[in-house]
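Just so it is clear, none of the values below were taken in a lab; they were calculated from the coordinates. Remember, it's a predicted structure, so these values are computed and weren't measured experimentally. Ideal geometry is used to build each Cβ from the backbone, glycine not excepted, and the neighbour counts take in all protein chains shown.
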Amino acid sequence: MIPFSILAVVAIAGALGVILGKQPVHSALFLVGNILALAVLYLLLSAEFLAVAQVIVYAGAIMVLFLFVVTLLTAGKEESEPPEDLSGQRWTAGILAIGVGGALAVLAAGHPGPKVAAGLPVNFGNLHGIGHLLWGSDFLYLMALAIMLLTAALGILVLNRPMRRTHVRHQRRKEA
């Protein structure tokens, strides 16, 4: 219960940082902290695959996209404000980071290992459980949905292709 409480506080603090951040880059970094706290919560629930997917997809790919867009939007703006004095904040951030890292290390050392939470199936969130869901009894529906989406994508490509022959005929008629 104690690791869950600590991670809940970290996740809520990250969410508040996203909302209250004055700079878009700071908000994006708070969102990364929130995403990482959620990934560790998935690990506590023995959902290893979901935790890894959370970090790779959200903290990796989507946050890189967010930061890329933020830097593109602020690239041409001139800064009229003087740079902030960060001397006291750097020491505070360093001490806080060491403290949180130490607390997480103590919690990880005291954790007995993955166990199934009450009320969850045995293979909840791990690769075997997700594979069983995808390739189990609903496989036919999954493949039907995939074929339907592929057909829609091909239909869009066919309907939006340029009509070269019609365009060439109209050009020849205009020239004559």
| request: Estimate the FRET efficiency between Ala97 and Ile130 by the formula 1/(1 + (r/R0)^6), using the beta-carbon distance for r and 45 Å for R0, to the nearest 0.05. | output: 0.85
| FRET efficiency for Asp138 and Leu65, Cβ-Cβ distance as r, R0 = 30 Å, nearest 0.05? | 0.45
| said: For the ranges 150-159, 42-51, what's the packing order if you count other beta-carbon atoms within 10 Å of each residue, average per peptide, and put the highest first? | reply: 42-51, 150-159
